[in-house]
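Take a look at the structure below.
Values quoted throughout were computed directly from the atomic coordinates according to the rules given, and no laboratory measurement underlies them. For clarity, every value in this text was computed on a predicted model and none was experimentally measured. Cβ coordinates were reconstructed from backbone atoms using ideal geometry, including for glycine residues, and neighbour counts include every protein chain displayed.
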Amino acid sequence: MQFVCLQIQARKLEAQLDEQMISYRKQVSTKADTADNSVESGIEQLLKELDQVNNQMRAWVSSGGAEMVSHTLTRHQEILQDLTQVCCSFNPV
């Protein structure tokens, strides 16, 4: 898969995660700290998918992909890390 396709897929997943997290925050704030498990599951699934896309981008860069895309990969990895931290703050273990 071309890097551009992976980048587009990552952006879509990031946007979906933003929407899901907003929805989750609204549910938590209106239901006295109880939220729908389906939203939590959806967020976890999207995080896994985004992690897979990031891994595919990392593999592409490692296999001799253009050096200029490594910055893009780093940015998507930072976004994944940020979203994962936010998700963990919603539902501490």
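Sorted by packing (mean other beta-carbon atoms within 10 Å per residue), highest first, where do 52-63, 9-20 land? Before the final figure, lay out each step's value.
Working: 52-63: 15.6, 9-20: 17.2.
Descending packing order for the listed peptides: 9-20, 52-63.
What FRET efficiency comes out for the pair Val86/Gln52, r = Cβ-Cβ distance, R0 = 22 Å, nearest 0.05? Walk me through the intermediate numbers first.
Working: r = 19 Å, r/R0 = 0.87.
For Val86 and Gln52, the calculated efficiency is 0.70.
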